[in-house]
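Novice: Take a look at this one; I'll ask things after.
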Amino acid sequence: MKARTFALLLTGAATILPAAAFAQTAEEVPATVAEPADAQAAADPGDIIVTAQRREQSILTVPIAISAVSGDALATKGIANSADLASAVPNLQVSSPYGSTQPNFSLRGISVANEYNSNQASPIGVYIDDIYLASRTSHGMGLFDLDRVEVLRGPQGTLFGRNTTGGAINFITKAPTLEGNEGYAEAGFGNFNTYTARAAIETTMVDDQLGLRVSGNYVKGDGQIENVAPGGRDANSQNTLQGRATLRIRPGNGPLDIKIKIYGGRDKGTQAAVQGLLPFRTGLGFFQVNENRIGFNRTEAYGASATIAYELSPSLTFTSITSRDGGKQNLQQAADGSPLDVLDINWQSKFQQFSEEARFNYSSEKLKLVAGGFYGWDRTITDNTFNIGGALGPGVNGGFFQHYRQVRRSYAVFAQGDYSLTDKLVLTLGARYTQDRAKYDDGYAYLFAGNVGGPQLPLATTVPCLGVAGTCAYDPAARYSLPGRNNALTGRASLSYTFDSGTLVYASYNRGYRSGAFNGGGYTSSAGITYIKPERVDAYEIGIKGRYFGMLTLSAAGFYYNYKNQQVQDTRPGPVSFLVNAPKAEVYGAEGEARLRLSPAVTLTAALGYLHSTYKELTLQSTVLNGNDLPFAPRFTAQAGVDLSLFKSGSDGLTISPSVAYFSRQYFSPFNEKDAPGTGQVNSELQQGAYAKVNLTAAYTIDRFTFKAFATNLFNEKTYAYGLDLRGAGFPYNFLVPSTPRTYGGSIRVAF
């Protein structure tokens, strides 16, 4: 039955609405040059150059399901933050209990599910300029001065490494071209008193040898969710400042190419809104809350990197990428949605990371080979406070304090080669061997008495303690530690065939891997702090992509996943939070994208995704959940848009770009609509029904000036972005986070 279902999907993938990957034309994407084999494809319209296989290729020649969105297209579609990417990529969802901070990326149903702790790695690898970002806090970035974003769907465990069971997202920033001087400055204003400013300047000190690009981004706006509590802050405000500088050195325009980048940013907007205790929802609109303690989400991220490429010969290049990154988060979250102090949390973490990747690229007539090694180190230090009103009895406030340090190291060697069996048939084989070593130490937690934000009186040690919270005497010297280690062999095998027309068809097998993990949510007892098994995905895929009639680009893919050991949270009586493995899940589906240029004035884009993702074996809270859908995995997603160019004269003219994104029903919990007996759960609340959101932009360019107007969520669709079961943990409500309402505004940009 499975084989028949998979065969039908793969057959249907060739006829379903296929895909051009929202690509802009090659003329719109500077700073890359295709390999000689791809030169003709790259010169045609409707194409884009990507580095999905660690070398530059036309997107239409890469046998991978990939969406690429140029920096200009991000602006056209109103995508200003990584959390907005779902509106442009099929089978992608983005959610978070913290607004745009620490986003949960879900690709083809694979995500962190109901896990929300900052120490966990995302199963969707997130990269900036090929540099892996270990901390999920750093994933919630504002998007500015980008060349493009590449979203690779499916396991990428060969060239992109660990923690890519679902795929990888690579943000490619603009770098100096070493040709001339240019830049831009943009200022805007929108509703909720939102001020925006962006700028970039690039200067070439020595043609073809030395250049510098500096860019920045600023956003400041009032809360987008009204708080009716007297004197309370509005939720979902914005206050972001980011900067980046890239120096490029190519001595004598020779074989050595060096890029040195530094960046930094901070965000200190108010927390995401929470809908909680139902009695305090009476009389409120969807975009209103009644909360006495709306907190701030303060995050910082910074780093430096050096990318050194040396062309040893016309066929062999060596590349080294070294990076050092850090940051912190301080999230103050009133989690009850009421004027009462029922649940107030302060999430605090500091993170550091270092990584080094060294690789060789070899190219000959028959063989394209990438091989190298990787080392990564990251550390997270966490201090969380959970204030639970009346935790010890009526009128006696208290809660839990938690501290731990997590250190992870990853070592890997990898190789992948494309061998031309004929001039049209290519065999790809790749493998990666990874060793992951981790340690959870300096762990302690205790139960305390005290008010929110006030002094704490420790009462009982809960970590280390194997018993029910409050049963172990307080010991300030008690510490808990635990090692973790695992090894993995991942790989890729594929066959691709290119017809005389240029149409590419491929079939592939990929194995993905997400390293084992510690339970960062264990603070009421050390019984739940364990190191659990890594996730594994065996993925089978076929696809097709090509260009037709000189005006239409299409691609489509069908896939089947055997998904083992997804890492999910299980809250048990005590209360004790366990991180456990879901033994088995099954995922299959299809997706496609299309781009049609009807005329120089009219371009249509469309995408469609179908997804069936279910647990085959899973029991949480003694409740069998076999057959339930995976969280954040709607069955259908669709996007469509049109770019209308009017009054064009050279680069001058008016462009109007409406777009719509549709998502069918999705669940926020593995329980779907089932309730664990005796818990008081109402898990049917934890879902979002089908909806569509419409965005609209209009840009008028005259000479060096561009005047832009925009509206996102034009019809003010009321949707939830996230939901979490709190009834099962003993609270009289569930935790629901509404998405933001309609936003609109305008900007002026000048290029120089």
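The values are calculated or read from the model by the stated rules, or taken from the named source; none is laboratory data. All values reported here derive from a predicted model rather than from experimental measurement. So basically every Cβ, Gly included, is an ideal-geometry build from the backbone, and we count neighbours across all protein chains shown.
Novice: Just name the residue that is nearest to Leu726 (Cα to Cα) out of those in segment 264-307 that are among the hydroxyl-bearing types (Ser, Thr, Tyr) and surrounded by 20 or more Cβ atoms within 10 Å (Cβ to Cβ).
Specialist: The residue in question is Thr270.
Novice: Follow-up question, since we're still on this one. Of everything in segment 208-226, what is in a strand (DSSP E or B) and in contact with a Ser or Thr (Cβ under 9 Å, 6 or more places away or on another chain)? Give them in sequence order.
Specialist: Correct list: Leu210, Gly211, Leu212, Arg213, Val214, Ser215, Asn217, Tyr218, Val219, Lys220, Gly221, Ile225.
Novice: Answer yes or no: is there a residue in segment 618-634 that is under 20 Å from the mean Cα position of the chain (by Cα), among the hydroxyl-bearing types (Ser, Thr, Tyr) and at pLDDT 95 or above.
Specialist: no
Novice: Which residues, taken from segment 489-513, are exposed (fewer than 15 other Cβ atoms within 10 Å of the Cβ) and closer than 14 Å to Tyr561 by Cα?
Specialist: Hit for segment 489-513 is Tyr509, nothing else.
Novice: Taking the condition farther than 30 Å from Val660 by Cα, assigned to a strand (DSSP E or B), modelled with pLDDT of 95 or more and of a type in the set (A, V, I, L, M, F, W, C), does Val580 pass?
Specialist: yes
Novice: While we're looking at this one, here's another question. Under 7 Å by Cβ, and 6 or more places apart or on different chains, what pairs join a residue from segment 333-357 that is over 16 Å from Phe386 (Cβ atoms) and in contact (Cβ under 8 Å) with a residue 60 or more places away in the chain with one that is assigned to a strand (DSSP E or B) and of a type in the set (Asp, Glu)?
Specialist: Close Cβ pairs satisfying both conditions: Phe351/Asp378; Gln353/Asp325; Gln353/Asp378.
One line per residue, one yes/no per condition, for (1) touching a Leu at 6+ places or on another chain (Cβ under 9 Å); (2) surrounded by fewer than 22 Cβ atoms within 10 Å (Cβ to Cβ); (3) among the charged types (D, E, K, R):
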position	(1), (2), (3)
Thr603	yes, no, no
Ala607	yes, no, no
Leu644	yes, yes, no
Gly650	no, yes, no
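Novice: Among the residues in segment 427-436, are any in contact with a Phe, Trp or Tyr (Cβ under 9 Å, 6 or more places away or on another chain), within 22 Å of Ser577 (Cα to Cα) and either surrounded by 14 or more Cβ atoms within 10 Å (Cβ to Cβ) or of a type in the set (Val, Ile, Thr) (or both)?
Specialist: No, every residue in segment 427-436 fails to be in contact with a Phe, Trp or Tyr (Cβ under 9 Å, 6 or more places away or on another chain), within 22 Å of Ser577 (Cα to Cα) and either surrounded by 14 or more Cβ atoms within 10 Å (Cβ to Cβ) or of a type in the set (Val, Ile, Thr) (or both).
Novice: Could you list, in sequence order, all residues of segment 448-475 that are surrounded by 15 or more Cβ atoms within 10 Å (Cβ to Cβ), of a type in the set (A, V, I, L, M, F, W, C) and not in a strand (DSSP E or B)?
Specialist: Of everything in segment 448-475, those that are surrounded by 15 or more Cβ atoms within 10 Å (Cβ to Cβ), of a type in the set (A, V, I, L, M, F, W, C) and not in a strand (DSSP E or B) turn out to be Val452, Cys465, Val468, Ala469, Cys472.
Novice: I'd like the full set of residues that are assigned to a strand (DSSP E or B) and hydroxyl-bearing (Ser, Thr, Tyr), limited to segment 235-270.
Specialist: If the condition is that a residue be assigned to a strand (DSSP E or B) and hydroxyl-bearing (Ser, Thr, Tyr), then Thr240, Thr246, Tyr263, Thr270 are the ones that fit.
Novice: Out of (1) among the acidic types (Asp, Glu); (2) touching a helix residue (DSSP H, G or I) at 6+ places or on another chain (Cβ under 8 Å); (3) closer than 26 Å to Arg153 by Cα, the odd one out for Glu673 is which?
Specialist: Single failed check for Glu673: (3).
Novice: For the subset of segment 715-739 comprising residues that are of a type in the set (Ser, Thr, Tyr) and buried (at least 20 other Cβ atoms within 10 Å of the Cβ), which member is modelled with the lowest pLDDT?
Specialist: Within segment 715-739, the match that is modelled with the lowest pLDDT is Tyr733.
Novice: Give the residue that is nearest to Val214 (Cα to Cα), with candidates limited to residues of segment 271-299 that are hydrophobic (A, V, I, L, M, F, W, C), within 27 Å of the chain's Cα centre (by Cα) and in a loop (DSSP other than H, G, I, E, B).
Specialist: Ala272
Novice: Related question: Residues being part of a loop (DSSP other than H, G, I, E, B) and among the basic types (Lys, Arg): count how many of those fall in segment 604-654.
Specialist: So the count comes out to 1.
Every residue, every condition in (1) out of contact with any strand residue (DSSP E or B) (no Cβ under 8 Å at 6 or more places or on another chain); (2) within 30 Å of Arg727 (Cβ to Cβ); (3) aliphatic (A, V, I, L, M), yes or no:
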| residue | (1), (2), (3) |
| --- | --- |
| Thr553 | no, no, no |
| Ser577 | no, yes, no |
| Asn581 | no, yes, no |
| Gly589 | no, no, no |
| Ser599 | yes, no, no |
| Phe636 | no, yes, no |
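Novice: Examine segment 15-31 for a residue that is at pLDDT below 50, surrounded by fewer than 22 Cβ atoms within 10 Å (Cβ to Cβ) and among the charged types (D, E, K, R), and state whether such a residue exists.
Specialist: Yes.
Novice: Which numbered condition trips up Ser70, out of (1) in contact with a helix residue (DSSP H, G or I) (Cβ under 7 Å, 6 or more places away or on another chain); (2) surrounded by 22 or more Cβ atoms within 10 Å (Cβ to Cβ); (3) not aliphatic (A, V, I, L, M)?
Specialist: (2)
Novice: When Glu186 is evaluated against the numbered criteria (1) out of contact with any Phe, Trp or Tyr (no Cβ under 9 Å at 6 or more places or on another chain); (2) under 17 Å from Phe705 (Cα atoms); (3) surrounded by fewer than 19 Cβ atoms within 10 Å (Cβ to Cβ); (4) not aromatic (Phe, Trp, Tyr), which criterion, by number, is the only one it fails?
Specialist: Answer for Glu186: the failing condition is (3).
Novice: A further question on this structure: Please pick out the residue among Leu284, Leu212, Leu241 that is among the aliphatic types (A, V, I, L, M) and over 30 Å from Ala185 (Cβ atoms).
Specialist: Leu284
Novice: Let me ask something else about it. Name the residue, out of Glu182, Glu150, that is in contact (Cβ under 8 Å) with a residue 60 or more places away in the chain and more than 30 Å from Gly417 (Cβ to Cβ).
Specialist: Glu182
Novice: Continuing with the same structure: Looking at (1) of a type in the set (S, T, N, Q); (2) part of a strand (DSSP E or B); (3) free of Cβ contacts under 8 Å to residues at least 40 places away in the same chain, which one does Gln416 not meet, given that it meets all the others?
Specialist: Every listed condition holds for Gln416 apart from (3).
Novice: Quick test for you: out of Ser684, Ser669, pick the one residue that is of a type in the set (Gly, Ala, Ser) and part of a loop (DSSP other than H, G, I, E, B).
Specialist: Ser669
Novice: Taking the stated definitions as given, is Gly543 closer than 16 Å to Val580 by Cα and touching a Phe, Trp or Tyr at 6+ places or on another chain (Cβ under 7 Å)?
Specialist: Judged against the criteria, Gly543 is not a match.
Novice: Does Gly528 fit the bill of being under 30 Å from Leu598 (Cβ atoms) and either surrounded by 20 or more Cβ atoms within 10 Å (Cβ to Cβ) or of a type outside the set (A, V, I, L, M) (or both)?
Specialist: No; evaluated as a whole, the condition is false for this residue.
Novice: Moving to a separate point now. Please specify each residue of segment 314-347 satisfying the condition of being part of a loop (DSSP other than H, G, I, E, B), touching a strand residue (DSSP E or B) at 6+ places or on another chain (Cβ under 9 Å) and of a type outside the set (S, T, N, Q).
Specialist: Pro314, Ala335, Asp336, Gly337, Leu340, Asp341, Val342
Novice: Same structure again: Is there a residue being surrounded by fewer than 16 Cβ atoms within 10 Å (Cβ to Cβ), hydroxyl-bearing (Ser, Thr, Tyr) and part of a strand (DSSP E or B) anywhere in segment 348-356?
Specialist: Taking every residue of segment 348-356 in turn, none turns out to be surrounded by fewer than 16 Cβ atoms within 10 Å (Cβ to Cβ), hydroxyl-bearing (Ser, Thr, Tyr) and part of a strand (DSSP E or B).
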